[in-house]
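Participant: Handing you a structure now.
The values are calculated or read from the model by the stated rules, or taken from the named source; none is laboratory data. Remember, predicted model here, so these are calculated numbers, not experimental data. Note that each Cβ is placed from the backbone with ideal geometry, even for glycine, and that neighbours are counted across all protein chains shown.
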Amino acid sequence: MSAAVPALRLEGISKRFGAVQAITDMTFEVRRHEVVGLLGENGAGKSTLLKILVGLVEPDTGTMYRDGQQVRFRTVTAAADAGIGMVYQEQSLVPSLTVAENILLGCEGHGVNAGVFRWRKLRELAQAQLDKIGSNIPVRAVTSQLTFPQRQMVEIAKVLSIEERTAFDPVVLLDEPTSVLDGPDVAVLFEQIERLRERASVVLVSHRIEEVMAVADRIYVLRNGVVAAERRPTETTTDELRHLMIGREDTGSHFHAERQADCADTPRLEIVGLSSAHFHDVNITLRKGEVVGLAGVQGSGREELCRAIFGALKVDAGEIILDGEKVKARSPRGAVQVGIGYLPAERRTEGMIGTMSVAENMSLATVGTVCRGPVLDREREKRVVDDWIERLRIRTPSGSVPMRQLSGGNQQKVVLARWLMSGDLKVLLLDHPTRGLDVGAKSEVYALVRDLAANGVSLLVLCDGLDETIALGHRVIVMRDGEVSAEFAAVRDAKPRPDKIMEHML
Amino acid sequence: MTATATVVVPPKQRRELDALRRFAPVLVLVGLVIGLTLKRSDFLSIGQQQQLVESAAPLLVFATGMTVVVMCGGIDLSIAAFAGFASLWFARFVPHLGIGALVAVMLLGAAIGTVQGVIHVKAQIPSFVVTLGGLALWAGLALLQDKPSILIASNSSVLALDGRLVGVPRLAILAGSLALVTGLLMWATPVGRWVRAVGSNETAAYLSGVPVVATRIAAFAFCTMCAALAGCMVAIDQTNGSPGTGRTQLLPTVAAVVVGGTAITGGVGGVGRTVVGVLIVKVLGTGLSIIGIGQKWENILYGALVIVAAALTIDGSKLTVVK
């Protein structure tokens, strides 16, 4: 393992997406038959690194070596030809096909003759893949009838089929494979990883530090697009890894802590016993002018909770009370009418309408306020929109420019202004308000959050990083597996330590 | 955010292409008219124009309704079949209700359109499937009549609509007014924005509190109501209602909408563009007979037109998979 040429080596890799530097000058190595753990907060660069490894994204700079030879992956096929494959977090199997078909999908080889399936051969080939991982899943089974862990095994078998395409020992990337598994299934998966090690190298991405500690030979910790540390499990502790993930950066002035106003004691939004498929019996009260940071990993149910409060997701039980009155209309339109706003995390696909103008996007939710009777008052709209463009310093030639022509940060400000425009906004739910923004734009969003709170609006904020959550909130509430697992009050006077919060997230 | 945030302006070429796309239909129309006038000098004569406008009236009504549905990102294939069905009921109501028959049939259309819209939205069935079923349903129901067609008595008050007002066909005035009012509604009220928002990005519209469901259903109600009106107009023109009324109008309607520049994928377009599209389709039809190519070619031409125009107006960047 030591002197041999590594199976995969990346040197000086950088990748920039628009204003965001996702990865900076990263060097990363996977040795033969080694299990490498990859840790990092959301936005640390894990997914970009994986995408580069499987050929979904080409790096801007840097070189990649496969068994010592320089390579460049322009496509997923190119990466697969070099023996690199990924088991995706959201599974990529076709539910209506059989296991055999799924395993060989796209590379049927001898399973197809003159365009016609040779079923027996196809099943044999698929069985051979399943045998590699010692699985007894029937190849004739229809994929949609398998359990989630079974489907994951099928995915692993599928990825191993790249062995036949290449002379290299495969490198298998596992993206958050345990995030939806329970204890016993996790154990089975780890046995599988041990088995994989005999024929392949493995890169394991996970939120769960303990799990990575248990199976990895070596661990990389990523932070802000660089390798913050490289450790062996024997020479580190979970505490140290947690610290490395969060970093000790100065939470600095860009959070505008000086603008944080005291919040009143009056409750504004009360969430009482709210339950759905994604969370269970959640009770949270937001006070007037309070900013609450909601922390949690993927699958904790915090995104879904936001949507449910906004009426965009069905709830099974529970009530939402605004200023003492029960919110009856359970739809986004109903929520908007009582003064609840929601900023989705996916700006392009859920937040904005690219073909419509900046002004139209801004006034979409509160179009009634720029109408005279039933008729649009374009003069008034222009005045209001221009005012917000100036106040938020949105960089656009005018309000009539199509939204898609603005940069990401400016688009986000327009989508925020959509809610600020409404005079009677009471609650604003922000799902990753700073995702994809550069530092300057982030700082402006923080300032806006402070100002809104000072004006009595209550905010529930989901952030990528814990430093953001802690710096921004009056209070931090932690969710785990669909339930509130902890609450940290009076954040300003006694800042909770990120690692303490993380304990309740994982 | 000083240095990093810049306004991304599309390259000059792209902007020129956008402008060209936008004004291309008008240029095509002007070109066609000039060409046909050169070929036949009386093409611009009042008689010719009256004829053209008269024959364009039902198509404009069909296309106005269709424009709203297409801008929402849907399509209504049932309009032509429903127009036939509506014309029969119109002819049947006229002796009892007089001009009120027109209103009654339009209300019937709105109700039927609402049903089709509700099925499409609530059961999440693609609009082309629901309305394809509707097409067969209305065509079939129209044929269940015991008579092949129902005459409108020549002394009936509704036939007054067939005359001319200072030289302009009354039905054309009616169609033009409908298009104008619809265009104004789309421009001057929030409804137009909701339609475009739903057609461009339904999720973003929903998460902004736009009444997505109501907008979609209303679009289908309006479209079928227009189809009912168009059916009545043809019935008035031909002094009878029959299952075949408007039967051939589906393809020209879709052609008019997309040729005018409304994207078949929704979100982009307008009634004004459709007016131009209707004129192009009608002038082309007249042109065919002027150059001496028979009506046989009409369908071939419209078919090709729909495909080419749709390809030119689609915003390919928006789509990953086209179904």
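Participant: Suppose the filter is of a type in the set (D, E, K, R), at pLDDT 85 or above and under 25 Å from the mean Cα position of the chain (by Cα); does A:ASP67 pass it?
Facilitator: Working: of a type in the set (D, E, K, R): yes; at pLDDT 85 or above: yes; under 25 Å from the mean Cα position of the chain (by Cα): no.
No: the conditions fail for A:ASP67.
Participant: Please go through (1) modelled with pLDDT of 85 or more; (2) more than 18 Å from A:GLU346 (Cβ to Cβ); (3) more than 13 Å from chain B (Cβ to nearest Cβ); (4) part of a loop (DSSP other than H, G, I, E, B) for A:PRO433 and return the number of the only condition it doesn't satisfy.
Facilitator: (2)
Participant: Just one of A:SER443, A:SER485 is farther than 19 Å from A:GLY354 by Cβ, among the polar types (S, T, N, Q), assigned to a strand (DSSP E or B) and not assigned by TED's automatic domain parsing to the domain that holds A:ASP239; which is it? Spell out how you get there, then give the answer.
Facilitator: Working: A:SER443 fails: assigned to a strand (DSSP E or B).
Sole residue among the options that is farther than 19 Å from A:GLY354 by Cβ, among the polar types (S, T, N, Q), assigned to a strand (DSSP E or B) and not assigned by TED's automatic domain parsing to the domain that holds A:ASP239: A:SER485.
Participant: Would you mind telling me which numbered condition in (1) assigned to a strand (DSSP E or B); (2) surrounded by fewer than 20 Cβ atoms within 10 Å (Cβ to Cβ); (3) hydrophobic (A, V, I, L, M, F, W, C) A:ILE320 fails?
Facilitator: Failing condition for A:ILE320: (2).
Participant: A:ALA359 fails exactly one of the following numbered conditions: (1) buried (at least 22 other Cβ atoms within 10 Å of the Cβ); (2) more than 19 Å from A:LEU460 (Cβ to Cβ); (3) at the interface with chain B (Cβ under 9 Å from one of its Cβ atoms). What is the number of that condition?
Facilitator: That leaves (3) as the condition not met.
Participant: Could you tell me whether segment B:285-294 includes any residue that is under 29 Å from B:LEU185 (Cβ atoms), β-branched (Val, Ile, Thr) and out of contact with any Phe, Trp or Tyr (no Cβ under 7 Å at 6 or more places or on another chain)?
Facilitator: no
Participant: Looking for something surrounded by fewer than 18 Cβ atoms within 10 Å (Cβ to Cβ) and within 11 Å of chain B (Cβ to nearest Cβ) - is there at least one such residue anywhere in segment A:323-332?
Facilitator: Scanning segment A:323-332, I find at least one residue that is surrounded by fewer than 18 Cβ atoms within 10 Å (Cβ to Cβ) and within 11 Å of chain B (Cβ to nearest Cβ), so the answer is yes.
Participant: Pull up segment B:187-196, narrow it to residues that are touching a residue at least 24 places away in the same chain (Cβ under 8 Å) and crowded, with 23+ Cβ neighbours inside 10 Å, then point me to the one that is nearest to B:GLY267 (Cα to Cα).
Facilitator: B:ARG196
Participant: Scanning for something among the hydroxyl-bearing types (Ser, Thr, Tyr), surrounded by 20 or more Cβ atoms within 10 Å (Cβ to Cβ), facing another protein chain (nearest Cβ under 9 Å) and over 27 Å from B:TRP187 (Cβ atoms), does segment A:406-428 turn up at least one residue?
Facilitator: Scanning segment A:406-428, I find at least one residue that is among the hydroxyl-bearing types (Ser, Thr, Tyr), surrounded by 20 or more Cβ atoms within 10 Å (Cβ to Cβ), facing another protein chain (nearest Cβ under 9 Å) and over 27 Å from B:TRP187 (Cβ atoms), so the answer is yes.
Participant: Can you name the residue in segment A:335-347 that is touching a residue at least 60 places away in the same chain (Cβ under 8 Å) and within 22 Å of the chain's Cα centre (by Cα) and, of all such residues, is farthest from the other protein chains (Cβ to nearest Cβ)?
Facilitator: Among those that are touching a residue at least 60 places away in the same chain (Cβ under 8 Å) and within 22 Å of the chain's Cα centre (by Cα), it is A:ALA345.
Participant: Still on this structure: Which residues, taken from segment B:175-207, are of a type in the set (A, V, I, L, M) and more than 8 Å from chain A (Cβ to nearest Cβ)?
Facilitator: Start the filter on segment B:175-207 by keeping residues that are of a type in the set (A, V, I, L, M), which leaves B:175, B:178-181, B:184-186, B:188, B:191, B:195, B:197-198, B:204-205, B:207.
Matches in segment B:175-207: B:ALA175, B:LEU178, B:ALA179, B:LEU180, B:VAL181, B:LEU184, B:LEU185, B:MET186, B:VAL191, B:VAL195, B:VAL198.
Participant: Quick check on segment B:208-231: of everything there that is over 30 Å from B:SER87 (Cβ atoms) and surrounded by 24 or more Cβ atoms within 10 Å (Cβ to Cβ), which residue is farthest from the other protein chains (Cβ to nearest Cβ)?
Facilitator: In the first step, residues of segment B:208-231 are kept if they are over 30 Å from B:SER87 (Cβ atoms); the result is B:208-213.
From what's left, surrounded by 24 or more Cβ atoms within 10 Å (Cβ to Cβ): B:208-210.
Working: B:SER208: 4, B:GLY209: 3, B:VAL210: 7 Å.
Selected residue: B:VAL210.
Participant: Something else: Name every residue in segment A:150-183 that is outside any loop (DSSP other than H, G, I, E, B), at pLDDT below 80 and closer than 20 Å to A:SER206 by Cα, in order of residue number.
Facilitator: The answer is A:GLY183, and nothing else.
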